[in-house]
Amino acid sequence: MSVLIAFVRFKTSERSYPVNCHRTDLAPGDVVYVEMPQQRVFKLATIERVEFQGWPCVNTIVGRRDEATRAERGGLRIYPGPNARFATTADDLRRQLSARGWKGAPTVSTTFRLALWSLGEGRTAFVMIRARGLNLLLRDVAEPPVFVGRKASIPVREGRFVSHWYNGARENLHDLALEFAKTFETGAGRDGAAFDRFFVPQGGRPRRPPRSPREDGLEDIYAAISGGSGAPAYLGDGLWVHPDGSWSED
């Protein structure tokens, strides 16, 4: 799943379809290849817009048309340009924080998939990754979390704490988390002011589809995230979209 969802239009389509977009340098108007794994094809499409949604789409942009070459046996090879930027998946964020020396572990809480932390002078900073967002925690004590077996117990009630949602966020939350990490590492804002912007909640729970799904294109969304399997497709937040465009909840 990607933080960014690109709405793309295929040559033969009158509507746009949501697909995973793992790059932050792609923009409306770019012509891209979309991988459709269940159909085992790559299709050209034009990006119409990019949104922060965090939907679990099946199909994914693999690169721009001008970055692609055909192999001798007809396969497609993508060589991202020098300005390509990736910071949209949980693994991207984990790798970048780990490279900065942050420690990480799964947590005892089922809410968080992973917690990463760093110790400073009298403080500890946490980035906790959820399925549909992330949380930041800043504690006025320099100590790692307590472990229960191999899982970390995060004291979310002890410090400055915020929940961000991918859906509807004003910016790439993974970039926000990296800026939070850099601010902490430099020792800036020991009075707390430099951290204020990180603790303003962004986004919200994924929107509930309306009761008139056909008018709002849920059939198209189903086609994009299911790959045409015929089975219900998971949209997020307990919502399932069906082939006829209807939806149901867990």
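The values are calculated or read from the model by the stated rules, or taken from the named source; none is laboratory data. Values in this document were obtained by computation on a predicted structure and should not be read as measured data. Counting neighbours? That spans all protein chains shown, and the Cβs are built from the backbone with ideal geometry, glycine included. Surface areas here come from the heavy atoms of the whole protein model, side chains and all, with no ligands, DNA or RNA. Shrake-Rupley method; radii C 1.70, N 1.55, O 1.52, S 1.80 Å.
Overview of values
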item	result
Scope region 9-65; condition without any contact (Cβ under 8 Å) to a residue 24 or more places away in the chain, more than 25 Å from residue 175 (Cα to Cα) and not polar (S, T, N, Q); matching residues	14, 40, 41
Residue match in region 114-130 (condition: open to solvent by 20 Å² or more (accessible area, probe 1.4 Å), closer than 17 Å to residue 154 by Cα and within 16 Å of the chain's Cα centre (by Cα))	yes
Those residues of region 1-50 which are open to solvent by 30 Å² or more (accessible area, probe 1.4 Å) and under 17 Å from residue 85 (Cβ atoms), in sequence order	22, 24, 25, 27, 28, 30, 50
Residue list for region 134-154, restricted to those being buried (at least 22 other Cβ atoms within 10 Å of the Cβ) and within 23 Å of residue 56 (Cβ to Cβ)	134
